[in-house]
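The values are calculated or read from the model by the stated rules, or taken from the named source; none is laboratory data. The model shown is predicted, which means the values in this text are computed figures rather than measured ones. Cβ: placed from backbone, ideal geometry, glycine included. Neighbour counts: every protein chain shown. Heads up: the accessible areas ignore ligands, DNA and RNA and are worked out on the full protein's heavy atoms, side chains in. Shrake-Rupley method; radii C 1.70, N 1.55, O 1.52, S 1.80 Å.
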Amino acid sequence: MQDVSTLVAQAREGRPRAVARLISLVEGASPQLREVMAALAPLTGNAYVVGLTGSPGVGKSTSTSALVTAYRKQGRRVGVLAVDPSSPFSGGALLGDRVRMSDHASDPGVYIRSMATRGHLGGLAWAAPQAIRVLDAAGCEVILVETVGVGQSEVEIASQADTSVVLLAPGMGDGIQAAKAGILEIGDVYVVNKADRDGADATARELNHMLGLGESRKPGDWRPPIVKTVAARAEGFDEVVEALEKHRAWMEEHGVLAERRRTRAAHEVETIAVTALRERIGDLKGDRRLDALAERIVAGELDPYRAADELVEGLTRG
């Protein structure tokens, strides 16, 4: 067992090893997880969380690295959670080394961590919210969460980030993909990467048109900007940071940031509660209460919904 208070104190000092151990406790659902979260609670709420998502091949990792560079030029401490597909053998992140971000490996002002989805849909690891809390408490001013490019289910990033960045690229059919996946509803900032390729201007125009279709924004509402970048040369990312800061200022002015964070916290509590309840139900396999309810359903004495209500009532009572 590791001393949580010592780990938290070391993480606050910016020691990467302590941050890594805390996130490992989170990912492993350690028995110490409750103690970790209790210790971190008073130290969080300061970081700006930016989610980056988009179809595979648009350059999310390269863009994330370029965005780190842009923020570091401003002297900001940056944390990166790069959520990768799970290895079918070890359950670990397939792209765990994050070669594209190796330029920042020796920078003490940057912490990069790969996390595996472990089969979780939505493009995020189930432990991502708690890992974000660790980086927040460790003094990261900006936390970039790069998701798996998983098409229609990548919209979950919107529930975990203060600001969601959607990346597209010319020549990849991303306009159609954006409309199909619903990511036009979740983007706060849109980035057309690989803007040095043919078709970049057309992609930006098409995206702007699609954003305007059926638009019901009122005066003063946020209209997502479209920024063109070339991530491989780190071009255009000062403009991306500027767009992000404008969105953050707009959210603070209109109370949107606080509301998003309340919604995020409520979702986190709900997820933890449902997970705990599911574990208790899983422990009932072979339990006489569950068998008795099943027998009554088969006999036509009880419907499944009422049986579920009785089961939940029994679990919450004892």
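Things worth noting here:
- Solvent exposure ordering (accessible area, 1.4 Å, most first) of 277, 67: 277, 67
- Per-residue SASA entry for residue 205, accessible area with 1.4 Å probe, Å² rounded to 10: 150 Å²
- Here the Kirkwood formula, the inverse mean of 1/r across different C-alpha pairs, assigns region 183-223 a hydrodynamic radius of 11.6 Å.
- Each of residue 283 and residue 265 was given a label point 7 Å from its Cα along the Cα-to-Cβ line. The distance between the two points is 2.8 nm.
- Available extension along the chain between residue 232 and residue 276 is 11.4 nm, counting 0.36 nm per residue and deducting the alpha carbon span.
- Ligands, DNA and RNA left out, the accessible area of region 6-46 computed with a 1.4 Å probe is 50% carbon and sulfur.
- Kirkwood Rh in Å, taken over region 1-68 so that all alpha-carbon pairs contribute: 14.1 Å
- The aspartates and glutamates within cross-link reach of residue 228, meaning a Cα-to-Cα straight distance under 14 Å and a gap of 8 or more places when in the same chain, are 196, 198, 201, 206, 238, 239, 242.
- FRET E, pair residue 201, residue 44, Förster distance 45 Å, beta-carbon r, rounded to 0.05: 0.60
- Expressed as a whole percent, the accessible area of region 197-246 that falls on carbon and sulfur atoms is 48 (1.4 Å probe).
- Top positive-direction residue, dipole computed over region 180-294 with Cβ charges, set 203, 272, 237: 272
- The ellipsoid equivalent to the alpha-carbon distribution of region 213-318 has semi-axes of 51, 17, 15 angstrom, derived from the gyration tensor eigenvalues as √(5λ) and listed largest first.
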